[in-house]
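See structure below.
The numbers here are math on the coordinates, done by the rules we state, and not lab data. None of these values were measured; they are calculated from a predicted model. Don't worry about glycine lacking a Cβ; one is built from the backbone with ideal geometry, like all the others, and counts go over all protein chains shown.
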Ligand SMILES: Nc1ncnc2c1ncn2[C@@H]1O[C@H](COP(=O)(O)OP(=O)(O)OP(=O)(O)O)[C@@H](O)[C@H]1O
Ligand SMILES: [Mg+2]
């Protein structure tokens, strides 16, 4: 009989007993309640849930931007607090933020090359790679070399996507990455996520309201009342 360790691959990301509470001056809000979930390489996940259900909070804990009130997040079996949140974000995880978080005084190309430098991503010609990735998300050379504040919202969103693609990491987190895109452009981005998971063996986790995106994911999870369910 096959050993269970051969048939069940180890998860790249594990959430164990994860809870998160925001504490204000007058009130406390528990947004996530005792979440346990494993995420695997080679898989594209969509997390759905109403506005305010905690999707961005969940991503910020899973991507090492914030530490949970209770429970653990582990990468390849090691607790993020042992890896160090900063090191984890630099070496293992890339995030496409809901608000893009681009460096606004730079061009699209510079946003990508800066990310490659910060994360130590090796590339013979960083600028050429940046242009290639920006073209892949539908931006031409003229748009790629313009200050990002002079691009449309959807174009800025695609710069944020290309920037995450520029860093060669195991985990890609995306917060509503197609929210500002038309249906055709969104379909192109969804194909890129599928390719990353299925051809490059990455783990892609996207939180979204988009049924179009969720329908294309390998697994859909729902976050409601602090709980994550399949
Ligand atoms: N820094 C914070 N301090 C206090 N409360 C917060 C903070 N960030 C988020 N919240 C609250 O936590 C809850 C979950 O917020 P979160 O941003 O995770 O939701 P979401 O599912 O991503 O929503 P949306 O779909 O609108 O982006 C909300 O009620 C929000 O007001
Ligand atoms: Mg959100």
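Among the conditions (1) farther than 14 Å from residue 210 by Cβ; (2) part of a loop (DSSP other than H, G, I, E, B), the only one that residue 155 does not satisfy is (2).
Residues that are loosely packed, with under 12 Cβ neighbours inside 10 Å and within 16 Å of ligand 2 (Cβ to nearest atom): does region 40-57 have at least one? Yes, region 40-57 contains a residue that is loosely packed, with under 12 Cβ neighbours inside 10 Å and within 16 Å of ligand 2 (Cβ to nearest atom).
If you go through region 109-135 and keep only what is under 19 Å from the mean Cα position of the chain (by Cα), touching a residue at least 12 places away in the same chain (Cβ under 8 Å) and either crowded, with 16+ Cβ neighbours inside 10 Å or assigned to a loop (DSSP other than H, G, I, E, B) (or both), you end up with 111, 112, 113, 115, 116, 119, 120, 121, 130, 133, 134.
Would you point out the residue of region 61-72, among those that are under 26 Å from residue 190 (Cβ atoms) and buried (at least 19 other Cβ atoms within 10 Å of the Cβ), that is nearest to ligand 1 (Cβ to nearest atom)? Across region 61-72, the extreme among qualifying residues is 61. Of the strands (runs of 3 or more DSSP E) lying entirely inside region 160-230, those containing at least 1 residues that are buried (at least 16 other Cβ atoms within 10 Å of the Cβ) and over 14 Å from the mean Cα position of the chain (by Cα) are 219-224, 227-229. For the subset of region 26-39 comprising residues that are closer than 20 Å to residue 175 by Cβ and away from ligand 2 (no atom under 12 Å from the Cβ), which member is farthest from the chain's Cα centre (by Cα)? For region 26-39, the residue satisfying everything is 29. What's the total number of residues in region 16-44 that are in contact with a helix residue (DSSP H, G or I) (Cβ under 9 Å, 6 or more places away or on another chain) and in contact (Cβ under 8 Å) with a residue 60 or more places away in the chain? Total satisfying the criteria: 8.
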